[in-house]
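Beneath this line is the structure, given in structure tokens, with notes to follow.
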Amino acid sequence: MDRRDLVKILGISIVVGPEGLWAHEHGDQSAAAAVDVAGYRPRFLTAQEYQVLGQLCDIIIPADETSPGAHEAGVPFYIDSVLFYAKPDEQQLWREGLKQVQNSAMTQFGQPFEKCSVEERERVVAQMAANEEAPQTALEKFFVPLKSITVDAYWLSDAGMKKYLGYRGDTMLREFPGCTHPEHQTP
Amino acid sequence: MANTVYDVCVVGSGPGGGIASYALTKAGLNVALVEAGPRLRAGIDYNAHGSPYARLESRLKAGYRDPVPSVFSDRRERDHFTPVGDRPDHGFLKVLGGRSICWAGHSLRFGPLDFKPWPISYEEVAPYYSRAERLMEVYGDHDGLWNMPDGEFQKGVPMRCGEQVLKRGVGRLKRQGRVMEFVSQRKAMPTDASKARRTVCHYCGHCMNGCEVDAKYTSANTPIPLAMRTGKLTLFTESTMTRILFDSAGRKVAGIEYVDGKGGTETIAAKALVLACNSIETPRQLLINKTPAFPNGLANGSGQVGRNLTSHFGLTVTGFFPELVTRDASNDDGTDYYHGLLTGLNWDKPNPRFEGTYQVQCASGLHPHRSGFAHAPGYGAAWKKRVREISIAHASMNMQGALLVSPGKYVDLDTERKDHHGLPLPRVHLRYDDSDIAMADDMIETCEEIIRATGGQVYSTPGKATREKLQIDYNHWVGTVRMGKDPKTSVLNSDGQSHEIANLFVGDASVFAAYPEKNPTLTNIALSWRMSERLAEKAKRGEI
């Protein structure tokens, strides 16, 4: 059997250069690349809840000198989209959790979370995260799904992958270079 | 079609069934290949490349949670068996090609030591390994290891920094007299454009999501198209076997009954049957299809159908290497996660604390689609910096140990739960033995030792192994329809043919007579190829 026969049988085309193959196989993906996360209007959360969510996410993953925070990366867009399609019990859990955050801010600082100072908001999150591995209170329990999806969403975002992690993969290479450092290989 | 009598009906199109359909048609036989799932098109029905955010909406709309498509997690069977005991799981994918669509491609030959308990030797299987490696296009280095023999390789794929650093630690321990080896992985994807018959691998790391250019070997992209080309293969997709049919004397298989995609019940008449359904489904089918002549289930005079269940199991130890924090981590994709392999442990002499052997699959590098490290406790700026560092500068060591064969591990039929054709679901019984736990403890100690020997810190470890911490490999089950010389203690002869029913053969990994630490697929393919040739020879001699 020669290569051309197999290609014919499989109904795939083999293009010699990787760029050519990329264009052939992946054209549809790159065309759909742009998502306007800044202009996104929430479909499940209310505007107020969405604002609170953005502030919570930004305390979990803040901006620093290398990369944007979770809010700018589009994490609230990701979470609201997931919740929009989620089952009612999960939607309820989030609505309830965000209400707990509001109640906590009102009780401690006399105003809604989104109006609190940065320090006050950070204090609420510190309370939420106090017992991360064995959460007890409703607020502590809400921190678990909140952080989990914030992390996943940030890592899959453009800013998370490219700016924070410095990732340039998901591409096509002719060769995989691997480790080229003699010091890692010295016995 | 109603009057067609096929020479062979093959049920299941995974690694074993795919190669059987090729080998049998190549030998001139007319074959019907029956697959419960549909045919998927690489690059069209699956393709994990691209921006997850751009795809989020369409993925959510289609009912998926993860914006990165993955054939296995998107389509795997759920609620299709009853787990009993220590959290057994069972990976099952109904598509043309079966789980070869989503496998990682790891292709390691079993060695002479591994075949000792078998009715056939390494030397008898070696020519089939060679053929399988050429067809599958396996890459690898020539390492010269006596119990993981070299094969017909295309050029190897280098390790990343993290795997190299582990290898350096193994080198140091070897100089202190420890017996172990650290080598690059061997996988079924072409790397050499001058030799490749499929598309050359482009090192994007999406192997297990489904290779969208068909570089990675699958049943659907190589043996099944080749079998079609002979003109001797008839493909029945979206067709689920519901019964095995017998001749009027009730001693020989006459074909199968199946339900097609539209719900109609049809039959396929065949002179021989090859079951290649997987190591849980094949014993299930043999047990379900009991007849007056075979009251304990087909081919089960020995009572061994469903017994001798084994798989791989494991735990993970992760090391952190400060020297790697500043390296270039911009593209660590490669051929999925594992580029290194710790092996050669306990080949020379058995460990007194446990039975059997294990290997450790080693991986490193920054992989944005695996945010595992970022789920470590904490949040905020310092945490953000730390999880990036560990992601870049880690190496993870994943134990793959052979589960001890024992009476507490087996497959039988559920007496209450049935599938939607009214057939009993299988029950998978798993009870870890003390030997299994002792093996895991040895692995944990060894991995921690290697990490420290090369100047790293143990970042995460299970500590002391317990039954609750062990994780089963739900894709590596074997042994439930084992081959052997003695019909009293085995189901099949060394040709993969039932001791009792001359025209019933098995082509999946349930035939394994014993299990080493190495991944099962290459051996499954080599053995199914050998079985198919023996079947064809017997058919020509009129013996079936």
- [ ] Considering only residues that are touching a helix residue (DSSP H, G or I) at 6+ places or on another chain (Cβ under 8 Å) and part of a loop (DSSP other than H, G, I, E, B), look in the range B:403-437 and name the one that is surrounded by the most Cβ atoms within 10 Å (Cβ to Cβ).
- [x] B:L403
TODO: Please name all residue pairs, on different chains or six or more residues apart, with Cβ atoms under 8 Å, provided the first residue is in the range B:151-171 and is at the interface with chain A (Cβ under 9 Å from one of its Cβ atoms) and the second residue is open to solvent by 20 Å² or more (accessible area, probe 1.4 Å) and among the polar types (S, T, N, Q).
DONE: B:Q164/A:Q185; B:K167/A:Q185; B:R168/A:Q185; B:R168/A:T186
Task: Residue count, the range B:215-240 (criterion: open to solvent by 20 Å² or more (accessible area, probe 1.4 Å) and either within 20 Å of B:A188 (Cα to Cα) or assigned to a loop (DSSP other than H, G, I, E, B) (or both)) - done: 6
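Condition check ((1) within 14 Å of another protein chain (Cβ to nearest Cβ); (2) surrounded by 22 or more Cβ atoms within 10 Å (Cβ to Cβ); (3) in contact (Cβ under 8 Å) with a residue 24 or more places away in the chain; (4) under 30 Å from B:E449 (Cα atoms)) across all residues:
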residue	(1), (2), (3), (4)
B:P283	no, yes, yes, no
B:I288	no, no, yes, no
B:P292	no, no, yes, no
B:L309	no, yes, yes, no
B:G319	yes, yes, yes, yes
B:P322	yes, no, yes, yes
Task: The lone exception for A:T137 - which of (1) free of Cβ contacts under 8 Å to residues at least 60 places away in the same chain; (2) within 14 Å of another protein chain (Cβ to nearest Cβ); (3) more than 30 Å from B:G365 (Cβ to Cβ) it fails - done: (2)
Task: Filter pass, B:A395 being open to solvent by less than 40 Å² (accessible area, probe 1.4 Å), within 11 Å of another protein chain (Cβ to nearest Cβ), in contact with a strand residue (DSSP E or B) (Cβ under 6 Å, 6 or more places away or on another chain) and not polar (S, T, N, Q) - done: yes
Open item on the list: Here is a check on your reading of the model: is A:Q136 surrounded by 15 or more Cβ atoms within 10 Å (Cβ to Cβ), among the polar types (S, T, N, Q) and more than 30 Å from B:V325 (Cα to Cα)?
Closed with: no
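So that you can scan it fast, the table gives a plain yes or no per residue for (1) under 16 Å from B:R168 (Cβ atoms); (2) among the hydroxyl-bearing types (S, T, Y); (3) within 18 Å of the chain's Cα centre (by Cα):
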| position | (1), (2), (3) |
| --- | --- |
| B:T316 | no, yes, no |
| B:G319 | yes, no, no |
| B:P322 | yes, no, no |
| B:T326 | no, yes, no |
| B:L342 | yes, no, no |
| B:L345 | no, no, no |
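Residues are listed down the side, and each one gets a yes or a no for (1) at the interface with chain A (Cβ under 7 Å from one of its Cβ atoms); (2) touching a helix residue (DSSP H, G or I) at 6+ places or on another chain (Cβ under 7 Å):
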position	(1), (2)
B:S330	yes, no
B:H339	no, yes
B:L342	no, yes
B:T357	no, no
B:C362	no, yes
B:P368	yes, yes
B:A374	yes, yes
B:K385	no, no
B:E389	no, no
- [ ] Only one of these is open to solvent by less than 20 Å² (accessible area, probe 1.4 Å), touching a residue at least 24 places away in the same chain (Cβ under 8 Å) and among the β-branched types (V, I, T): B:T446, B:T466. Name it.
- [x] B:T446
Task: Hits in the range B:125-146 - residues which are surrounded by fewer than 20 Cβ atoms within 10 Å (Cβ to Cβ) and either in contact (Cβ under 8 Å) with a residue 12 or more places away in the chain or within 14 Å of B:T521 (Cα to Cα) (or both) - done: B:A126, B:S130, B:R131, B:R134, B:D141, B:D143, B:L145, B:W146
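The values are calculated or read from the model by the stated rules, or taken from the named source; none is laboratory data. Remember, predicted model here, so these are calculated numbers, not experimental data. Cβ sites come from the backbone with ideal geometry, for glycine too, and all protein chains shown count toward neighbours. For accessibility, only protein heavy atoms count, side chains too; no ligands or nucleic acids. Shrake-Rupley method; radii C 1.70, N 1.55, O 1.52, S 1.80 Å.
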